[in-house]
Amino acid sequence: MPAAPVLAAAVPPTTRVAHVGMGAATVGLAGLPALVTVARGGTDLSVPIVLLALGTGASLAWGADDPAEDLLAPNPVSSPVRATIRVLAVAIAAALVCCAVLGVVAVGPGLPPDLLDRAPELAAAAALALAVAFGAARHGERIAGPSGVLAGLTGPLFIAALAVRWPTLFPTVTAGPLHNRWWIVVVAGALVTIRSARDPAHR
């Protein structure tokens with residue numbers, strides 16, 4: 001772990017090159033169904049809130065892209081630390097946009113009572129997105145963010161679709177005894193991410 005002054009000095013340049021705007025845009029697009037529902041006076045926000053959760057989690061994949069790798073690589077801050085800074089920067093932007101969408105929903109029909117139940121799906125989308133994005137980056141992809149975003153959006157939907165066919169094996173987006181199995185997906189994705197995001201010098 002680098003010394004605190006070195007780490008603090010690495011935050012501004014690393015944050016500037018992170019795809020923060022793309023992360024925020026991803027959440028904004030995922031929040032459109034909720035905003036349209038509110039604008040039309042609708043009250044059923046179950047599906048739009050699930051999409052918002054998936055988009056928020058998937059947006060973290062933009063943090064895997066390192067557009068200034070050649071410039072910042074000689075710095076004493078390792079690539080995993082720079083990756084952590086980028087992901088945190090994107091996460092903050094994504095959280096702000098997500099909160100803005102939820103603020104509109106709160107002023108409109110009100111927040112759904114099962115809002116906190118979407119946390120496992122959000123975390124699963126983030127874990128899958130980061131796992132795929134960092135895996136792609138480790139294998140030489142210079143722009144791995146889009147593939148991670150796609151995985152974060154479609155991966156949980158695919159798992160939920162499998163749950164329709166095999167309801168006792170896969171987690172669903174509805175409340176029930178198997179809903180917490182999303183955390184298994186989170187742990188698996190986190191382990192893959194940690195392995196893929198290691199310093200390239202330790203392949």
remark   = Sorted by chain and then number, the residues having a modelled amide H within less than 5 Å of the amide H of PHE170, at least 5 places away or on another chain, are none
note = So VAL187 and THR154, fully extended at 0.36 nm per residue minus their Cα-Cα distance, gain in nm 10.1 nm
ask   = For region 111-127, in order, what is each residue's ³J(HN,Hα) by Karplus, 6.51 cos²θ - 1.76 cosθ + 1.60 with θ = phi - 60°, in whole Hz (x at glycine and Pro)?
value = 5, x, x, 9, 4, 5, 5, 7, 4, x, 5, 4, 5, 5, 4, 5, 5
task = Once you've got the GNM for the chain with C-alpha springs shorter than 10 Å, pick whichever of ALA126, ALA106, ALA83 has the biggest mean-square fluctuation.
result = ALA106
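With a 10 Å Cβ neighbour count serving as the proxy for reagent exposure, in which order, fewest first, do ASP65, ASP117, ASP44 appear?
Numbers: ASP65 25, ASP117 16, ASP44 10.
Exposure proxy ranking, most exposed first: ASP44, ASP117, ASP65.
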Surrounding net charge for ALA89, when Lys and Arg each add one and Asp and Glu each subtract one, Cβ distance under 11 Å = +3
message = If the elastic network links every pair of Cα atoms under 10 Å, which of GLY55, GLY108, GLY155 fluctuates the most in the Gaussian network model of the chain?
response = GLY108
task = Place +1 on the Cβ of every Lys and Arg and -1 on the Cβ of every Asp and Glu in the chain, take the dipole about the Cα centre, and give the residue among VAL101, ALA161, ALA24 whose Cα lies farthest towards its positive end.
result = ALA161
request  = Kindly list the residues of region 140-180 that lie in the label zone of VAL36, defined by a backbone N under 20 Å from the point 7 Å along the Cα-to-C-beta vector.
outcome  = 150, 153-154, 157
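Expressed in nm to one decimal, what extension gain is obtained for the pair ARG198 and LEU162 from 0.36 nm per residue of sequence separation less their Cα-Cα distance?
Details: separation 36, 0.36 × 36 = 12.96 nm, distance 3.18 nm.
Going from the current span to full extension adds 9.8 nm.
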inquiry  = Using a 10 Å cut-off around each Cβ, can you sort TRP183, TRP166, TRP62 from fewest to most neighbouring Cβ atoms?
reply    = TRP166, TRP183, TRP62
task = For region 4-202, state the semi-axes of the equivalent ellipsoid (square roots of 5 times the eigenvalues of the alpha-carbon gyration tensor), sorted largest first and rounded to whole angstrom.
result = 31, 21, 12
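None of the figures in this text is laboratory data; all of them are computed from the coordinates on show. Everything numeric in this text was worked out from a predicted model, so none of it was measured. Here the Cβ is made from the backbone with ideal geometry for all residues, glycine too, and neighbour counts use every protein chain on show.
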